[in-house]
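The values are calculated or read from the model by the stated rules, or taken from the named source; none is laboratory data. All values reported here derive from a predicted model rather than from experimental measurement. Backbone-built Cβ (ideal geometry, glycine too); neighbour counts: all protein chains shown.
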């Protein structure tokens, strides 16, 4: 075996090993963070005392929801529960209204899609209307004829009469 063939085989084996390691890392599930921060969980939940804030930022001193919820979250974190499991326990107890952000499944997906869809549709409508207006203006300029209407002349005459009466 020649030296160049040996180098080529060595490179191909090394490349194969690198590609194999890379492809294995793509298919491995992401490693979950072992520590759950209670603040993250508290920020993901909406306080139910009708203050409109998250559990973490509720400013009522003796809030009937936030204080016990913080204690429950702290207990569940100390038991080693994941953030998703803690949130799911609150959802089963209080419903989806307790989440500070809607889920991205089912009908709640509309809450995520609708604003962007409305902006896109609005932009298209504004673009088409402005394009139509600009084309009409260029067509009128090309013909060289000003737009005259019998009603416009009537209003102009009426305005002139009223201004004359006002000046008198």
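Structure notes:
- Any chance residue 140 is assigned to a helix (DSSP H, G or I) and touching a helix residue (DSSP H, G or I) at 6+ places or on another chain (Cβ under 7 Å): no
- Of the residues in segment 67-79, at least one is at pLDDT 90 or above and assigned to a loop (DSSP other than H, G, I, E, B).
- Boolean, residue 77 is touching a helix residue (DSSP H, G or I) at 6+ places or on another chain (Cβ under 6 Å), farther than 22 Å from residue 52 by Cβ and surrounded by 11 or more Cβ atoms within 10 Å (Cβ to Cβ): yes
- If the condition is being under 16 Å from residue 38 (Cα atoms) and touching a residue at least 24 places away in the same chain (Cβ under 8 Å), then segment 77-97 contributes 77, 81, 82, 83, 86, 87, 90.
- Within segment 38-70, the set of residues being under 12 Å from residue 90 (Cβ atoms) and surrounded by fewer than 16 Cβ atoms within 10 Å (Cβ to Cβ) comprises 68 only.
- Against the criterion of being exposed (fewer than 11 other Cβ atoms within 10 Å of the Cβ), free of Cβ contacts under 8 Å to residues at least 12 places away in the same chain and either in contact with a strand residue (DSSP E or B) (Cβ under 6 Å, 6 or more places away or on another chain) or in a helix (DSSP H, G or I) (or both), residue 127 qualifies.
- Qualifying residue in segment 94-114 (condition: touching a strand residue (DSSP E or B) at 6+ places or on another chain (Cβ under 8 Å) and exposed (fewer than 11 other Cβ atoms within 10 Å of the Cβ)): yes
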